[in-house]
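Visitor: Structure in structure tokens, see below.
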Amino acid sequence: MNPAEEVLAELRALRAADLPTHGARTLAYVYDSGLSGVDELAAEAHALAAHANGLDPTAFPSLLRLENDLVAATAELAGGTADTVGAVTSGGTESCLLAVLAARTGAPDVREPTMVLPETAHAAFHKAAHFFGVRAVSVPVDPVTFRADPAAMTAAMDEHTVLVVASAPSYAHGVLDPIAEIAAAASARGIRMHVDACIGGWVLPHLGVGPFGFDVPGVTSVSVDLHKYAYCPKGVSVLLHANAELRRGHYFASADWPGYTMLNTTVQSTRSGGPLASAWAVVRYIGAERYRRLALDARAAAEEIAAGIDKIGGLRVLGTPDSTLVALALDGTPGFDLFTVADEMSARNWYVQPQFAHGVSPANLHLTLSAANRGHERDFLADLEAAVGAARAAGPVSVDPQVLGFIAALDPAQLTSEQFAGLLAAAGLGDADGLPTRMAEVNTLLAAAPARLRERLLLEFLGQLHE
Ligand SMILES: *Cc1c(COP(=O)(O)O)cnc(C)c1O
């Protein structure tokens, strides 16, 4: 046995190497309300319910109550009606997966089912396509606004379509899709319409942006993550349906074994009460009025930062952000590299998230702003300007054009594991323990790789990390 203090010291030492979750310098993956007391409350609430099992709501009625409360609170923000129902899931991806599963199960007569989504839809839908055998029909978005194109989306709907998807807002650019037009077209064809409000659902109503939910005719399901702008610890999202009939397709029962009849509302069976209880406690503690202020603060930070970016020579904001997310790209050919800017920001203790070019979207850096960024916008902008200066001084990343050409022509289906290992080593990702601190060159090589090759290379890398 090891003394608890030693175990915790070891854990703290491990955690010290991570990106900070608080302090608002990590501008992806994490959300910081800046409020005191939230984490302590969440931790206590988590501990109170961590061993309780949501698998059987009759055995643990407290968890049923907590879940119904969270669904009701979320439905209120998403234009819910008396018929609205939902489920608490482990995260946005699970909510999106279940929306697709419910739609596919709900249309048993449709052979070769498809879902129509804007090319800016979250990758969770491609995961759902992969899991459930629903083909994703990805529709180009407007090249200036990065919003879904309702006419093109409508043209893509046919007798195979079991679900249409739009985002409120999209993760990559933070813009709201024209939900009403798309939902009307889906509804006219009897097709379900999912609004992915995973990242916006807890913010947009407070900003007066929308409607995006069930108050838009034709919307049949909505996903909202509580572990984003509800500032709850990770592991909680809500999937809402316009009525119970629409939800049935992701419920699952099996009496086909000698144990208990397994009844599940989500992907999980045993479900910890911990995340649920901590989310419930945080939502009650922060309360509607303070959530409104947090949303306004995050929005103000995003607006100030977006305006500041446009004033930095060589940079521009993609589209017009509607919420709290900003994507910044190069303006023209300014003679520096965006990936170097990301490295220079890391050197200044900021994490900004590189996004590779896709469809009409050029390579860019993603920023998720939260309430704690309010009041510190100038710190960020000053460091960004300095990072651009340093990137300019360094000049564009130089990678042998022959190497880039070689990578662009590779077919992942033809490569062996040894060849992948060789490629990773050549890209600087060969040693999982000694990752380069400057990623610009690696990112330049990855950017040159076709999407399928990049997926495969990074999966090989992931596998290597887990050896
Ligand atoms: C975060 C996000 C998701 C996926 O959520 P996870 O919690 O990361 O699984 C889906 N859609 C959008 C728009 C998101 O921002």
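Visitor: Using each residue's phi in region 314-326, evaluate 6.51 cos²θ - 1.76 cosθ + 1.60 at θ = phi - 60° and report the 3J(HN,Hα) Karplus result to the nearest Hz, with x for Gly and Pro.
Guide: Result, rounded to whole Hz: x, 10, 8, 8, 7, x, 10, x, 9, 9, 10, 10, 9.
Visitor: Of the peptides 332-340, 272-280, how do they stack up when ordered by the mean number of other Cβ atoms within 10 Å, highest first? Write out the running numbers ahead of the final one.
Guide: On the way: 332-340: 18.2, 272-280: 25.2.
Descending mean neighbour count gives 272-280, 332-340.
Visitor: For residue 238, list long-range residues whose amide hydrogen, built 1.01 Å from N in the peptide plane, is under 5 Å from its own amide hydrogen.
Guide: The answer is 89, 224, 225, 226.
Visitor: As a test, work out the antiparallel percent of DSSP beta bridges whose residues both lie in the chain, rounded to the nearest 5. Before the final figure, lay out each step's value.
Guide: On the way: 26 of 43 bridges.
Antiparallel bridges make up about 60 percent of those DSSP assigns within the chain.
Visitor: Sort region 42-282 into rounded, prolate or oblate with this rule: let a ≥ b ≥ c be the square roots of the eigenvalues of the Cα gyration tensor; rounded if a/c is under 1.5, and if a/c is not under 1.5, prolate when a/b is larger than b/c, oblate otherwise. Mind showing how you got there, number by number?
Guide: Details: a/c = 2.04, a/b = 1.38, b/c = 1.48.
Oblate is the answer for region 42-282, as a/c is 1.5 or above yet b/c matches or exceeds a/b.
Visitor: While we're looking at this one, here's another question. Report the antiparallel proportion of the DSSP beta bridges in region 42-282 as a percent, rounded to a multiple of 5.
Guide: Details: 15 of 31 bridges.
In region 42-282, DSSP labels about 50 percent of beta bridges as antiparallel.
Visitor: So how do 366-372, 105-111, 193-199 stack up, highest first, on mean other-Cβ count within 10 Å?
Guide: Values: 366-372: 25.0, 105-111: 13.3, 193-199: 29.6.
The densest-packed peptide leads the list: 193-199, 366-372, 105-111.
Visitor: Show the residues, 5+ positions off or on another chain, whose built amide H is closer than 5 Å to the amide H of residue 55.
Guide: The answer is 271.
Visitor: Using the Karplus curve 6.51 cos²θ - 1.76 cosθ + 1.60 with θ = phi - 60°, work out ³J(HN,Hα) for each residue of region 224-240 in order, rounded to whole Hz, and write x for Gly and Pro.
Guide: The phi angles translate into 9, 8, 7, 7, 10, 7, 8, 6, 8, x, 4, x, 9, 9, 10, 10, 9 Hz.
Visitor: Rg over Rh of region 401-465, using C-alpha atoms and the Kirkwood radius, what does it come to? All intermediate terms of the calculation are to be shown ahead of the outcome.
Guide: On the way: Rg = 11.0 Å, Rh = 11.8 Å.
Answer for region 401-465: 0.93.
Visitor: Run the dipole for the chain about the Cα centre, Lys and Arg Cβ at +1, Asp and Glu Cβ at -1, nothing else charged, and hand back the magnitude in debye, nearest 20.
Guide: Values: 31 positive and 51 negative charges, 122 e Å.
So the dipole magnitude of the chain works out to roughly 580 debye.
Visitor: Also, I was wondering about something else. What nm value, rounded to one decimal, do you get for the distance between residue 293 and residue 53 when each label is placed 7 Å out toward the C-beta?
Guide: Reported label-point gap for residue 293 and residue 53 is 4.3 nm.
Visitor: May I pose another question? Cβ neighbours within 10 Å, averaged per peptide: list 25-35, 176-186 in order, most packed at the top. The partial results should precede the final answer.
Guide: Working: 25-35: 19.9, 176-186: 22.6.
Going from most to least packed, we get 176-186, 25-35.
Visitor: Another one. Quick query: amide H of residue 353 versus all other amide H atoms, modeled in the peptide plane; which residues come in under 5 Å with a sequence gap of 5 or more or a different chain?
Guide: For residue 353, the qualifying residues are 366.
Visitor: Then there's this: Return the calculated 222 nm mean residue ellipticity for the chain, to the nearest 500 deg cm²/dmol, obtained by summing -39500 (n - 2.57) across DSSP H runs with n ≥ 4 and dividing by the residue count.
Guide: Values: 16 runs with 197 residues, N = 467.
Dividing the helical sum by the residues of the chain leaves -13000 deg cm²/dmol.
Visitor: Working from Cα positions, state the angle (0 to 90°, nearest 10) between the long axis of helix 451-465 and the longest principal axis of the chain.
Guide: Value to nearest ten degrees: 80.
Visitor: Counting other beta carbons within 10 Å of each residue's own, what order do 257, 202, 350 fall into, fewest first? Intermediate results must be reported in sequence, preceding the final value.
Guide: Numbers: 257 8, 202 27, 350 20.
Least to most surrounded, the residues fall as 257, 350, 202.
Visitor: Once you keep just the Cα pairs under 8 angstrom separated by 6 or more residues, what percentage relative contact order results for the chain? Show your work: numbers first, answer last.
Guide: Values: 886 pairs, mean separation 82.4, N = 467.
Reported as a whole number, the value is 18 percent.
Visitor: Between rounded, prolate and oblate, where does the chain land on the alpha carbon gyration tensor, with a ≥ b ≥ c its root eigenvalues, rounded for a/c under 1.5, else prolate if a/b exceeds b/c? Present the calculation step by step, with values, prior to reporting the outcome.
Guide: Numbers: a/c = 1.39, a/b = 1.26, b/c = 1.10.
In terms of gyration-tensor shape, rounded.
Taken together, the values in this text are just the output of simple stated rules run on the coordinates, not laboratory data. The structure displayed is predicted, hence computed values, not measured ones. Note that each Cβ is placed from the backbone with ideal geometry, even for glycine, and that neighbours are counted across all protein chains shown.
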